[in-house]
Ligand SMILES: [Zn+2]
Ligand SMILES: [Zn+2]
């Protein structure tokens with residue numbers, strides 16, 4: 001089968017090449033892939049900026065139908081539509097696994113960089129990581145379950161309380177998903193903050209009914225105070241990883257407000273207004289990867305319409321992976337999907 005493979009270490013070295021179909025192991029299933037999302041991590045692997053074990057098939061955000069069941073797999077049937085947590089290889093015995101935090105286990109080897117992923121017609125994964133996709137959720141939406149689960153995990157970590165005023169920094173896929181999750185969880189007002197250089201993404205945010213502030217035009221802390229009659233916002237979901245955004249977040253929050261970091265900065269250190277955060281007695285937390293519980297919650301939010309994926313997605317056939325990666329890098333799309341057989345059920349493939 002043809003798969004998108006990172007063939008060796010270094011810049012580039014990604015190509016569509018023939019690889020053997022996956023071998024079935026006890027306790028694992030083989031899936032026919034329906035759609036696979038391209039994530040910022042995939043672009044980082046292309047450019048040698050994220051750990052990986054080549055040669056490896058890329059793709060950790062995917063949905064598929066079970067095509068074969070390994071020995072000893074119970075409770076699953078061929079044909080079932082599923083998504084899959086990427087936490088393969090967690091050890092089950094370390095202090096994190098035993099606390100239920102498999103997503104943070106140091107032994108984890110996720111599909112798409114640690115083991116072969118889903119930018120291919122088939123992928124194999126352990127059955128215990130599967131979640132069933134509700135009938136009302138399209139393949140296109142289900143393929144975005146992983147980033148949606150990331151957003152849900154962040155909200156599990158820092159809570160949204162009824163009526164909260166929430167700022168989301170960064171209008172990328174994780175930002176827009178986080179904004180929708182916060183709204184679905186009872187936020188009163190959700191504002192997405194971004195730059196005009198991400199015009200397509202700000203437009204997508206408006207299309208989802210979210211309030212948008214262009215940080216080039218708006219003085220964010222002042223606007224945040226105006227919005228809350230001088231008090232400051234209750235919660236910031238920071239998905240941009242930018243020092244400037246973090247400083248604005250600190251100055252926009254109310255005393256004892258909550259700052260949740262979801263974005264990676266890509267730098268060894270960041271300058272942040274530590275004392276202002278201290279005097280405001282902020283709760284600061286970091287959310288990384290996705291919890292077990294966030295996956296079913298993400299699927300339920302998609303089923304109920306609280307999270308809408310289709311307006312964010314542009315699909316490409318797998319063979320056009322390079323065009324799709326370029327569109328992601330140039331921010332010409334919000335979320336790009338690769339479709340092995342051109343049959344994903346929502347958006348037409350772009351010509
Ligand atoms: Zn990802
Ligand atoms: Zn472990």
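The values are calculated or read from the model by the stated rules, or taken from the named source; none is laboratory data. From a predicted model like this one, the values you see are computed outputs, not experimental measurements. Don't worry about glycine lacking a Cβ; one is built from the backbone with ideal geometry, like all the others, and counts go over all protein chains shown.
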Q: Can you run down the residue pairs with Cβ atoms below 9 Å, 6 or more apart or on separate chains, where the first is in segment 206-224 and touching a residue at least 24 places away in the same chain (Cβ under 8 Å) and the partner is surrounded by fewer than 15 Cβ atoms within 10 Å (Cβ to Cβ)?
A: 207/311; 208/311; 212/203; 212/206; 215/196; 215/244
Q) Is segment 51-59 home to any residue that is crowded, with 18+ Cβ neighbours inside 10 Å, touching a residue at least 12 places away in the same chain (Cβ under 8 Å), more than 16 Å from ligand 1 (Cβ to nearest atom) and not assigned by TED's automatic domain parsing to the domain that holds residue 154? A) no
**Q.** Selection within segment 1-28 - in contact (Cβ under 8 Å) with a residue 12 or more places away in the chain and outside any loop (DSSP other than H, G, I, E, B)
**A.** 2, 3, 4, 5, 6, 14, 16, 17, 18, 28
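Rundown of residues vs (1) within 16 Å of ligand 2 (Cβ to nearest atom); (2) within 25 Å of residue 297 (Cβ to Cβ), yes/no style:
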position: 66; (1), (2): no, yes
position: 72; (1), (2): no, no
position: 83; (1), (2): no, yes
position: 92; (1), (2): yes, yes
position: 96; (1), (2): yes, yes
position: 99; (1), (2): yes, yes
position: 102; (1), (2): yes, yes
position: 105; (1), (2): yes, yes
Q. List, please: which pairs have Cβ atoms under 9 Å, are six or more places apart or on different chains, and start with a residue in segment 87-105 that is touching a residue at least 40 places away in the same chain (Cβ under 8 Å) and more than 16 Å from residue 153 (Cα to Cα) and end with one that is away from ligand 1 (no atom under 16 Å from the Cβ) and outside any loop (DSSP other than H, G, I, E, B)?
A. 88/126
Q.
When the residues of segment 147-180 are narrowed to those that are assigned to a helix (DSSP H, G or I) and closer than 12 Å to residue 235 by Cβ, which ends up nearest to the chain's Cα centre (by Cα)?
A. 178
Q: Of the conditions (1) closer than 26 Å to residue 149 by Cα; (2) surrounded by 13 or more Cβ atoms within 10 Å (Cβ to Cβ); (3) without any contact (Cβ under 8 Å) to a residue 40 or more places away in the chain, residue 299 clears all except one; give me its number.
A: (3)
Q: With respect to residue 41, determine if the residue is modelled with pLDDT under 95, in the same structural domain as residue 105 (by TED's automatic domain parsing) and within 16 Å of ligand 1 (Cβ to nearest atom).
A: yes
(Q) Within segment 250-283, take every residue that is assigned to a helix (DSSP H, G or I) and touching a helix residue (DSSP H, G or I) at 6+ places or on another chain (Cβ under 8 Å) and give me the one that is nearest to residue 185 (Cα to Cα). (A) 252
